[in-house]
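A quick write-up on the structure given underneath.
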Amino acid sequence: MRKNLLLLAMIFGVFALKSQVKVGDTAPDFKLTNTDYKMVALSDYSDQEGVIVIFTCNHCPYAKFYEERINLLHKSYAPQKFPVVAINPNDSVKFETDGFSHMVAKNYKFPYLLDNEGVYKAYGATKTPHVFLLNNTGKGFKVAYIGAIDDSPQEASQVKVKYLEDAINAVKAGKEVSPAMTKAIGCSIKPFQ
């Protein structure tokens, strides 16, 4: 019985990995409801050099630690044609504070989308926050970086390596992103069922 469960877990793991985008893959499109009640699609950003997609939420302590840093990222990089698009994949029945009205109350200056369509699965997001830096190649968006925003999830003052900012600067300079992947640190996603 134990061997059968292990085998099933391994098979499930293989299928789960296949749904996750990798660096260099074409980014899955999405069309989700924003906190202004308008639909926002990745294709709406075709005039941008790239998009910073961040899967995040309201209840996770790690997501809360990063709120101000995400605001600053948008403020710094949106004028450089790399805006933030945040996506909340969590089920508000499980976590009331992840509900739409609580999302609206954040009053972010960037889109904060409700993922009731399972977009997080197409990207392979597992944590909040989980970052996917997308580069506009002119023929669509390619994934340039996946992982953490920086190396200090709890204390902004302790950041030594700004993974995401380094990745954006590399993309803007036409250089290879290194590292192109880091481990996202945060709460596991609690999706809509």
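The values are calculated or read from the model by the stated rules, or taken from the named source; none is laboratory data. Note that the coordinates shown come from a computational prediction; the quantities given were computed from them, not determined experimentally. Ideal geometry is used to build each Cβ from the backbone, glycine not excepted, and the neighbour counts take in all protein chains shown. For accessibility, only protein heavy atoms count, side chains too; no ligands or nucleic acids. Shrake-Rupley method; radii C 1.70, N 1.55, O 1.52, S 1.80 Å.
Hey, among the residues in segment 29-47 that are surrounded by 18 or more Cβ atoms within 10 Å (Cβ to Cβ) and part of a loop (DSSP other than H, G, I, E, B), which one's nearest to the chain's Cα centre (by Cα)? This residue is PHE30. The criterion of at least 1 residues that are in contact (Cβ under 8 Å) with a residue 40 or more places away in the chain and over 17 Å from LEU32 (Cα atoms) is met by the following strands (runs of 3 or more DSSP E) wholly inside segment 77-193: 130-136, 141-147. Pairs linking a residue in segment 38-67 that is in contact (Cβ under 8 Å) with a residue 12 or more places away in the chain to a residue that is polar (S, T, N, Q) and surrounded by fewer than 18 Cβ atoms within 10 Å (Cβ to Cβ), with Cβ atoms under 7 Å and 6 or more positions apart or on different chains, are ASN58/THR97; HIS59/THR97; PHE65/GLN154.
If you filter segment 148-179 down to residues that are open to solvent by 30 Å² or more (accessible area, probe 1.4 Å) and among the hydrophobic types (A, V, I, L, M, F, W, C), you find that the one that is farthest from the chain's Cα centre (by Cα) is ALA173.
This table checks each residue for (1) closer than 21 Å to LEU72 by Cβ; (2) open to solvent by 50 Å² or more (accessible area, probe 1.4 Å); (3) modelled with pLDDT of 95 or more; (4) under 13 Å from the mean Cα position of the chain (by Cα).
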{"residue": "ALA125", "(1), (2), (3), (4)": "no, no, yes, yes"}
{"residue": "LYS139", "(1), (2), (3), (4)": "no, yes, no, no"}
{"residue": "ILE146", "(1), (2), (3), (4)": "yes, no, yes, yes"}
{"residue": "PRO191", "(1), (2), (3), (4)": "no, no, no, no"}
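For segment 55-102, taking the residues that are among the charged types (D, E, K, R) and within 16 Å of ASP150 (Cα to Cα), the one that is surrounded by the most Cβ atoms within 10 Å (Cβ to Cβ) is identified as ARG69.
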